[in-house]
Amino acid sequence: MKILNKYKRIVIKIGSSIIINSKNNTVNTKWLNSLSKDIKSLINSGKEIMIVSSGSISLGKKYITSKEKIVKLEDKQAAASIGQIKLINNWQNSLLKQKINSAQILLTIDDSENRLRYLNSQKTIKSLLNKKIIPIVNENDTVATKEIQYGDNDRLAARVAQMMDANLLIILSETDGVYEKNPFKNPDARKIKLIKSINKKIENVADKNTSRFGSGGMRTKIEAAKICMSSGCSMVVAGGNIYNPLNKINLNNSSWFLAMKNKKSAKKQWIINHLNTTGEIQIDDGAVNAIKKNKSLLPAGIIEIKGKFNTGDAVVVFNKNSKKIAVGLSSYNNHDILKIMGKKSKEIRKILGYQGREEIIHKDDLVLA
């Protein structure tokens, strides 16, 4: 476990296929107890630990349907409401054997996309960590609709890591790293052990690697890595289908994504890592050059907008060739921007009948992609 020594605050994400015994859809308690021993060792060495655990739907599924898959959203929500109790009880019992107290945190995507709820969630988790209580986080599947879901716990774990300013995200997966080809179909596939930036090659690799179980796959792990790396948090994908998986992580049996050094401010991390933007703004070359020089986006540079959004919502900014340039918080709703786009800022009062901000997106609320 020496490889983890330099990391102070660690998020550990466990997938359904790791914690759940697929033969009888119950928690693999022997494995969970071995993981809890690893966690105890980390805590004894001064680490702060947060857990993001999948498994609630799998645990509750047998009470809802006898079919292999649950199709209806309301049935998934019902299964989650049953399984969540079983999941957290197993976690609590296992950690208590190591004299570790734990707490349950259920989040929806709104809790990370809405700034006030994001800060409130952050304060709650900080309070738990200060009292040496391990937060066990899961998506609140019982109320989340398709429109407000993270969709997988890889991205949820990354958002928690970013929210809490963690140093490392550990993803325990059925696959012990990132491979150039799908390792389940290609036994000779080569593992990529060290990743310093996510380029087209890495993204193409992710498209070819899918998980046998769960809602995630390599694509969601790459998306999680992007969130982590831009937030100054490293990430490791390691095999979880072994006992004491944390104690056995090394450079050869995992893939490491190294954090970027030019870490963004907390607010700009929150902006750029939005998972649910509500609109799009297309701008001309002059506006592109301006925002690349750390200037605000003015109405004169806007060519077209798409989507329905309100003041303060996160929108994606594209150039005229539809390349993503930035993400920002809009100072106006889509209806007002339609009226003032292409106009000079001094004309805003006359057109709208009130004097709003001069810029569509202020430079402090704009982050280059």
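The values are calculated or read from the model by the stated rules, or taken from the named source; none is laboratory data. Since the model is a prediction, treat every value here as computed from it, not as a measurement. Cβ atoms come from the backbone with ideal geometry, glycine included; neighbour counts cover every protein chain shown. The accessibility values were calculated without ligands, DNA or RNA, using every heavy atom of the protein model including side chains. Shrake-Rupley method; radii C 1.70, N 1.55, O 1.52, S 1.80 Å.
Details
- Theoretical ellipticity at 222 nm over the chain - DSSP helices of four or more residues, -39500 (n - 2.57) apiece, nearest 500: -10000 deg cm²/dmol
- Listed peptides 5-15, 248-258, 115-125 by packing density, highest first (mean Cβ within 10 Å): 5-15, 248-258, 115-125
- Taking the DSSP beta bridges with both ends in the range 225-369, the antiparallel portion is around 80 percent.
- Counting only residues at least eight positions apart within a chain, or on another chain, the aspartates and glutamates with an alpha carbon under 15 Å from that of Lys67 are Asp75.
- Computed on the chain, with alpha-carbon pairs under 8 angstrom and 6+ residues apart, the relative contact order is 15 percent.
- Flagged links, alpha-carbon separation over 28 Å, of Lys8/Lys97; Lys37/Lys261; Lys13/Lys267; Lys47/Lys200; Lys47/Lys292; Lys2/Lys61: Lys37/Lys261; Lys47/Lys200; Lys47/Lys292; Lys2/Lys61
- Where the chain is the region considered: accessible area per residue in Å², 1.4 Å probe: 48
- Whole-Å distance, taken between Cα centres, linking the range 55-104 and the range 22-52: 16
- Rolling a 1.4 Å probe over the protein heavy atoms of the chain, with every protein chain left in place, gives an accessible area that is 47 percent carbon and sulfur.
- Count Lys and Arg as plus one, Asp and Glu as minus one, and take only other residues whose Cβ is under 12 Å from that of Asn120; the net charge is then +2.
- Beyond 22 Å in Cα-Cα separation lie the following of the pairs Lys193/Lys248; Lys306/Lys343; Lys193/Lys324; Lys343/Lys363: Lys193/Lys324.
- Only Lys, Arg (+1) and Asp, Glu (-1) charged, at Cβ; the chain dipole about Cα centre in debye: 980
- Projecting the Cα positions of Val27, Ser53, Leu87 onto the charge dipole of the range 10-103 (unit charges on Cβ atoms of Lys, Arg, Asp and Glu, taken about the Cα centre) puts Val27 furthest along the positive direction.
- Under 13 Å of direct C-alpha separation, and excluding same-chain neighbours fewer than eight residues apart, Lys323 reaches these aspartates and glutamates: Glu280, Asp284, Asp285.
- Potential lengthening between Arg349 and Asn321 on full extension [0.36 nm per residue; Cα-Cα distance subtracted]: 7.0 nm
- Candidate aspartates and glutamates for bridging to Lys23, where Cα separation is under 13 Å - those fewer than 8 sequence places away on the same chain excluded: Glu68
- Separation of the Lys181 and Asp364 label points, Cα + 7 Å toward Cβ, nm: 5.4
- Extension gain, Asp188-Glu68: 0.36 nm per intervening residue step, less the Cα-Cα distance, totals 40.1 nm.
- DSSP-defined beta bridges in the chain - what % are antiparallel, rounded to 5: 40
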